[in-house]
Amino acid sequence: MLAWVILWYLEQSPYASLFHQHGSSSGHAHHHRLPAWLSSMTFLAGWLLMTIAMMLPTTVPLVNLFRRMLASRQQKAYLLLLLLTGYLLAWLSFGLVALALTRGMEQLAAGRQMLQTWIFSAGLFFLAGAFQFSKIKYACLDMCRTPLGFLMSHWHGRNDRREAFNIGWRHGLFCIGCCWALMLLMFAVSSANLSWMLVLAFIMAIEKNASWGRKLGRPLGVALIIAAVGICLYHLS
């Protein structure tokens, strides 16, 4: 909840564009004054807040199981922190890759405007929709939907700290494996648009935790592909 409040506050501020790749024209002036390294750091800070707000709640079943499993241990709070650190670090790494790809596309397009066109947005919607039909998506999703089996296969009690971190890191990688395309949709609108964040967070939480969540994937894929086609038809008409 604190992450959502901070993101809301930042989005209302004149410096909102510092924390994402797309923003208002008023924010771009501030964005361009920053050195590239500082601009990247502010974006990654915003991405980390987004991950805490959107993705961390989807791991509640795993976190609760892990917490109960460590109920009798003195270092349970520290081990839980290591798990969460590993999970967030995995998503932060993905944010770094996404940032590098975005910067590479900016250079290839010789400017920022190309990334803000309807072509870019339609492409992201189509990519996210197509990925909903891939086997990799559901292999990773199944790992996220079975937290007890995941814990049992990765917790051996030989090195508590390393294994706690490793559980968070590996779970984060599987979470990225099933949700990366949906997260990239943040670039289609604005990577700190709170309404868009709430919609995507709700969808991903259902996919990972609801008993019928796995059945949502393909209808969602169809809807995203239709949205991509709709964007194209709207701008070509």
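The values are calculated or read from the model by the stated rules, or taken from the named source; none is laboratory data. Computed from a prediction, not measured in an experiment: that's the story for all the values here. Here the Cβ is made from the backbone with ideal geometry for all residues, glycine too, and neighbour counts use every protein chain on show. The accessibility values were calculated without ligands, DNA or RNA, using every heavy atom of the protein model including side chains. Shrake-Rupley method; radii C 1.70, N 1.55, O 1.52, S 1.80 Å.
With the convex hull constructed from alpha-carbon coordinates only, the stretch 141-225 shows a mean projected area of 6.4 nm² over all directions. Accessible surface of Trp180, taken over heavy atoms with a 1.4 Å probe and every protein chain present, rounds to 60 Å². In straight-distance terms, cross-link reach from Lys137 covers every one of the lysines whose alpha-carbon lies under 27 Å from its own, apart from those fewer than eight places away in the same chain; here that gives Lys208, Lys215. Simple spin-label estimate for Arg218 and Asp142 gives 1.6 nm between the two label positions (7 Å along the Cα-to-Cβ direction from each Cα).
The stretch 172-217: Rg/Rh from Cα coordinates, Kirkwood Rh? Expressed as Rg/Rh, it is 0.98.
Stretched out straight at 0.36 nm per residue, the stretch from Ser211 to Ser153 would grow longer than its current Cα-Cα span by 18.7 nm. Put a dot 7 Å past the Cα of Met41, heading toward its Cβ, do the same for Arg161, and the two dots end up 2.7 nm apart.
Pop out the carbon and sulfur fraction of the accessible area of the stretch 47-181 as a percent, whole number, probe 1.4 Å.
Working: 4470 of 6690 Å².
Carbon plus sulfur share of accessible area: 67 percent.
A 1.4 Å probe, protein heavy atoms only, puts the accessible area of Ile225 near 50 Å². Normalised per residue, the accessible area of the stretch 58-188 is 49 Å², obtained with a 1.4 Å probe and no contribution from ligands, DNA or RNA.
Which order do peptides 126-135, 214-223 fall in by mean Cβ count within 10 Å, highest first? Display every interim value, and only then the final one.
Details: 126-135: 17.3, 214-223: 14.7.
Per-residue Cβ counts within 10 Å, averaged per peptide and sorted highest first, yield 126-135, 214-223.
A 1.4 Å probe, protein heavy atoms only, puts the accessible area of Glu11 near 60 Å².
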